[in-house]
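Colleague: Below is a structure I'd like to ask you about.
The values are calculated or read from the model by the stated rules, or taken from the named source; none is laboratory data. All values derive from a computational prediction rather than experimental measurement. Ideal geometry is used to build each Cβ from the backbone, glycine not excepted, and the neighbour counts take in all protein chains shown.
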Amino acid sequence: TSVQSRWMDKDEQDPIFKPNVAVMSVDLGSEWMKMAIVKPGVPMEIVLNKESRRKTPTVVCLKENERLFGDSALGVSVKNPKTVYRHLQSLLGKKHDNLQVELYQKRFPEHHLEEDPVRGTAYFKNSEEMQHTPGELLGMVLNYSRGLAQDFAEQPIKDAVITVPAFFNQAERRAVLQAAQMAGLKVLQLINDNTAVALNYGVFRRKDIDSTPAIAYSFGNVMFYDMGSGSTTATIVTYQTVKSKEAGTQPQLQIRGVGFDRGLGGFEMDLRLRDHLAKLFNEQKKSKKDVRENHRAMAKLLKEAQRLKTVLSANVDFMAQVEGLMDDIDFKAKVTRAEFEQLCADLFERVPRPVQDALTAAEMKLDEIEQVILVGGSTRVPKVQEVLLKAVGKEELGKNINADEAAAMGAVYQAAALSKAFKVKPFLVRDAAVFPIQVEFNREVEEEGIKSLKHNKRILFQRMAPYPQRKVITFNRYSDDFAFDINYGDLSFLSQEDLSVFGSLNLTTVKLSGVGSSFQKHSDAESKGIKAHFNMDESGVLLLDRVSYTTVCFSLIKLGNTISTLFGGGSSEPAPNVTEPVQVNAPHSVEPHIVPNQEEKDEEKSGNAEVEKDAEKKAKPQKKSKISEDITVELVINDILDPTAEDLTLSKKKLQDLTDRDLAKQEREKTLNSLEAFIFETQDKLYQEDYQQVVTEEEKEQISAKLREASEWMDEDGYAATTKQLREKLSQLKSLCKDMFFRVEERRKWPDRLAALDSLLNTSSFFLRSARLIPEDDQIFTEVELNMLEKVINETTMWKNETVADQEKRSPQERPVLLSKDIESKLALLDREVNYLLNKAKFAKPKSKPKAKNSTSTNKNNKTNDTSEEKIIPPTEEKSPEEVQPGDAPPTEESTLHADSESQSQPTEEVTTPGRSAIPVADNAGEL
């Protein structure tokens, strides 16, 4: 596999297992989310939810006393839609007056959206106690996805890669990161969903990517057309191999062009089908009320519309039906595919637009695109494929990728690559910024004696500029404090509706202070201007790392003394200000950079005396010091204010309190179920023969009374009791029935335990008799060993007979004296003694017979060895008695045997038997 677990020691040679290193990805769609994990032993795998499904609805249900997610929450949406929140992505990073918020309110009229007085964003207000921002609700969903992944991985997970649409702007990306922070997730990267799909496609076609023109042309440019539930994106990707000095040849994907339509998706089709069904119901005039004013009825119609769209993708017509739609009135109507296509005709006309926008952004033509691959669930609609195929002019559309799971699998590959716990085959990703970003500032100019302010713009990141990337902009004509703005660049490629949804075009105002004092402090130095260092990170989020004032200082020194020092003359201490960095006491950090003058380097190559003479004649600046001093920066956010640290803390606490409440509720329900089950099961057991035999009438009546009392308490107060009260009640009942359960359990164990003991006694007695019949010359056991075995057999037999006889005299209602644990202890003792002797027999070396008098000369040569002792190592493998080679007996005084010359001529080998200790143990007594 291309993903392997990697934990290396200091030398990075031997892999070391390290638990709890799993990472996850979340493909966060507007309607569905898919999770995937990578953990040691599991390269990449989709997470199954509690219903064993591979995708989970992005839905959360908030009631007064419980919280539901996924399919459970989706089921509540039909009964009580006011408590169910979905399609939260469309509200992220939006102010209350945004058209997207207005559209959301129109689609879900059961919700009430209020305006945040500080940030200007929208939040849900169900009551004074239940107020949640879209970010908090999304944080709940992400925390739930994390829980599913942890259950599936069977270990904690905190690192994740989350997918976002490519058209998300800076405010929307920050909102997702804030939601993940509330959920306790460490986001390794926000990856664009189209980039994740492209990565997944390239990873499994690594061999097809080549830098040669012929192959690169056939696989180079691929378009992914992704129509999901809420939006549509077309992405042009170029695959090729690149070379670098550090890593050699590696495959790379580069995003060349992106086109999108924020409102074109399957959910809009569902809504139009829902409205059509509502119209058909009103036309049937079965009720005087308008079904569109009933939120619950419209939720039922939306669910049926989603099913209807799926069925019409494979059938030309279908009968839609909803039981008890409104006022116990059933609804039934026939809908054809032609009617559905007519309802969404204007939507299908918008299908080609993202393709054209992507080609324009990439500056390509259709004939340069080799393949168009379908991604997203809504591309399964036949009309979408028909219109798209005509627009791209291809013979067929590519369907060789998992339209639902490709983004999750690509994102989890990136998560493994970013994690230090895994080693993956490198695949370079060069993503692209969809929206250009520029820096704007005003500068005072003078023309014909008239001073005026001139507005300047500098492009920071162009449209489709690759990232991650760092940029530095230098302001050369400022000597005092000033400010500049960071805004979006030319967005003329967006429609007026897209611009309205986009939000603020202004990002941040940067106010700099301390510029004038820095200039005065270094007035004798050459100014290199004010440098602003920008960074667009892997998540596509723009950051201002720092702003610094940079100067270059020149100093005059005696070069002769320096050269003498370098060649061994003069003091051994380095000359001041030559190799030591210049330290400047300033209120901000100073980063000096020393750049040696080229003239100094040239003079060092000449002779020592000649250089000293030239240095005395003409003094030149020999040292060039670069000083960088940080400037104080104040950021004023102009699009969407980020929540304060206090706000984030409160949101985290709110989510944690809800999680704790959910866990406490689950624990209470578990304890309640356990108590109910114990009461019913024990009441039933009292009438079973095994239990009636061991319980007295008095004890039975006492237990029955307590069980009836607990059952009545459950009916009256139990369902409102606390977890502590339920545990106490259950503990009392278990303590009352403990002796009865013990007696029954012991009586059930006796037959098997006693049968095993009898069998072992018979086997060991037979073994003992056989061992005593061995002739004295061939005897391998000592008298002490045999007597010890006989003693254990006799004591065990006596104990068994006495204890069984004593137990038979006792009443079944009394506590038994014959205990299963005692039988097991006797079994273990006897088994250990028998196994010791069996192993000694298995590895003992047989005694050799005496040689004839007319032995050969070999016997004379080996005569000195006849009386020697040899320690034999046990053989490599277990063998039958016929195959056993001479070997050691267990380490006792009698285990050393005398070997004659014939036996000693055989070589010995020192090996260990797999799965055995130094004294091998027989599998069972029957091996004898």
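Colleague: Is at least one residue of the range 847-855 assigned to a helix (DSSP H, G or I) and modelled with pLDDT of 50 or more? Reasoning before the result, please.
Modeller: Within the range 847-855, the first condition is being assigned to a helix (DSSP H, G or I), and the residues that meet it are none.
No, there is no match, as no residue in the range 847-855 is assigned to a helix (DSSP H, G or I) and modelled with pLDDT of 50 or more.
Colleague: Can you list the strands (runs of 3 or more DSSP E) found entirely within the range 20-124 that contain at least 1 residues being within 19 Å of Val412 (Cβ to Cβ), of a type in the set (Gly, Ala, Ser) and modelled with pLDDT of 90 or more? Let's see the steps before the verdict.
Modeller: Details: elements: 23-28, 32-39, 42-46, 59-62, 67-69, 84-86, 113-115.
Qualifying strands (runs of 3 or more DSSP E): 23-28, 32-39.
Colleague: May I ask you to verify whether Ser811 is surrounded by fewer than 15 Cβ atoms within 10 Å (Cβ to Cβ), free of Cβ contacts under 8 Å to residues at least 12 places away in the same chain, in the same structural domain as Asp739 (by TED's automatic domain parsing) and within 59 Å of the chain's Cα centre (by Cα)?
Modeller: Numbers: surrounded by fewer than 15 Cβ atoms within 10 Å (Cβ to Cβ): yes; free of Cβ contacts under 8 Å to residues at least 12 places away in the same chain: yes; in the same structural domain as Asp739 (by TED's automatic domain parsing): yes; within 59 Å of the chain's Cα centre (by Cα): no.
Judged against the criteria, Ser811 is not a match.
Colleague: Could you grab me the full set of residues in the range 64-86 that are without any contact (Cβ under 8 Å) to a residue 12 or more places away in the chain and within 20 Å of Leu663 (Cα to Cα)?
Modeller: The initial filter retains those residues of the range 64-86 that are without any contact (Cβ under 8 Å) to a residue 12 or more places away in the chain, namely 68, 72, 75.
Within the range 64-86, Leu68, Ser72 meet the criteria.
Colleague: Scan the range 714-732 and report the pairs whose first residue is closer than 22 Å to Asp662 by Cα and whose second residue is at pLDDT 90 or above and exposed (fewer than 12 other Cβ atoms within 10 Å of the Cβ), with Cβ atoms within less than 6 Å and a gap of 6+ or a chain change.
Modeller: From the range 714-732, no pairs qualify.
Colleague: Please pick out the residue among Asn476, Asn506 that is in contact with a Phe, Trp or Tyr (Cβ under 9 Å, 6 or more places away or on another chain) and under 17 Å from Asn442 (Cα atoms). Break it down into steps so the answer makes sense when it comes.
Modeller: Values: Asn476 fails: in contact with a Phe, Trp or Tyr (Cβ under 9 Å, 6 or more places away or on another chain).
Exactly one residue qualifies, and that residue is Asn506.
Colleague: Would you pick out the residues in the range 497-524 that are hydrophobic (A, V, I, L, M, F, W, C) and either crowded, with 17+ Cβ neighbours inside 10 Å or not assigned by TED's automatic domain parsing to the domain that holds Ser628 (or both)?
Modeller: Correct list: Val501, Phe502, Leu507, Val510, Leu512, Val515, Phe519.
Colleague: Could you please tell me which pairs satisfy a Cβ distance under 8 Å, a separation of 6+ or placement on different chains, a first residue in the range 522-536 that is assigned to a strand (DSSP E or B), and a second residue that is at pLDDT below 80 and not β-branched (Val, Ile, Thr)?
Modeller: So the pair list comes out as Glu526/Cys553; Glu526/Phe554; Lys528/Lys626.
Colleague: Another question, if that's okay. Of the conditions (1) under 25 Å from Pro165 (Cβ atoms); (2) more than 25 Å from the chain's Cα centre (by Cα); (3) in a strand (DSSP E or B), Arg458 fails just one. Which one is it?
Modeller: (1)
Colleague: To continue, here is another question. Among the residues of the range 471-496, how many are surrounded by fewer than 17 Cβ atoms within 10 Å (Cβ to Cβ) and among the β-branched types (Val, Ile, Thr)?
Modeller: 2
Colleague: Same structure again: Taking the conditions exactly as written (of a type in the set (Ser, Thr, Tyr), in the same structural domain as Ala149 (by TED's automatic domain parsing) and surrounded by 15 or more Cβ atoms within 10 Å (Cβ to Cβ)), does Ser72 satisfy them or not?
Modeller: yes
Colleague: Please specify each residue of the range 21-49 satisfying the condition of being touching an Asp or Glu at 6+ places or on another chain (Cβ under 8 Å) and either free of Cβ contacts under 8 Å to residues at least 60 places away in the same chain or charged (D, E, K, R) (or both).
Modeller: Correct list: Asp27, Lys34.
Colleague: So which residues in the range 386-416 are surrounded by fewer than 24 Cβ atoms within 10 Å (Cβ to Cβ), in a helix (DSSP H, G or I) and in contact with a strand residue (DSSP E or B) (Cβ under 7 Å, 6 or more places away or on another chain), if there are any at all? Don't jump to the end; show me each part of the working.
Modeller: First, pick out the residues of the range 386-416 that are surrounded by fewer than 24 Cβ atoms within 10 Å (Cβ to Cβ): 386-405.
With the extra rule that they be in a helix (DSSP H, G or I), the set shrinks to 386-392.
The answer is Leu388, Val392.
Colleague: For the range 160-180, does any single residue satisfy the condition of being of a type in the set (Ser, Thr, Tyr), closer than 29 Å to Asp71 by Cβ, assigned by TED's automatic domain parsing to the domain that holds Val38 and in contact (Cβ under 8 Å) with a residue 40 or more places away in the chain? First the steps, then the outcome.
Modeller: Just the residues of the range 160-180 that are of a type in the set (Ser, Thr, Tyr), to begin with: 163.
Now narrow it down to the ones that are closer than 29 Å to Asp71 by Cβ: 163.
So of that shortlist, the ones also assigned by TED's automatic domain parsing to the domain that holds Val38 come out as 163.
From the residues that got through so far, the ones that are in contact (Cβ under 8 Å) with a residue 40 or more places away in the chain too are 163.
Yes; the residues of the range 160-180 include at least one that is of a type in the set (Ser, Thr, Tyr), closer than 29 Å to Asp71 by Cβ, assigned by TED's automatic domain parsing to the domain that holds Val38 and in contact (Cβ under 8 Å) with a residue 40 or more places away in the chain.
Colleague: Here's a follow-up. Which of the residues belonging to the range 503-524 are under 30 Å from Asp490 (Cβ atoms) and of a type in the set (Gly, Ala, Ser)?
Modeller: Of the residues in the range 503-524, the ones under 30 Å from Asp490 (Cβ atoms) are 503-512, 515.
Residues satisfying the conditions are Gly503, Ser504.
Colleague: Report every pair of residues separated by at least 6 positions or lying on different chains whose Cβ atoms are under 9 Å apart, first residue within the range 370-382 and among the charged types (D, E, K, R), second part of a helix (DSSP H, G or I) and surrounded by fewer than 24 Cβ atoms within 10 Å (Cβ to Cβ).
Modeller: Glu370/Tyr217; Glu370/Ser218; Glu370/Phe219; Arg380/Thr310
Colleague: Considering only strands (runs of 3 or more DSSP E) fully contained in the range 180-296, which possess at least 1 residues that are within 24 Å of Lys394 (Cβ to Cβ) and modelled with pLDDT under 95? Steps first, answer last, please.
Modeller: Details: elements: 186-192, 221-227, 232-244, 248-261.
Passing ranges, in order: 221-227, 232-244, 248-261.
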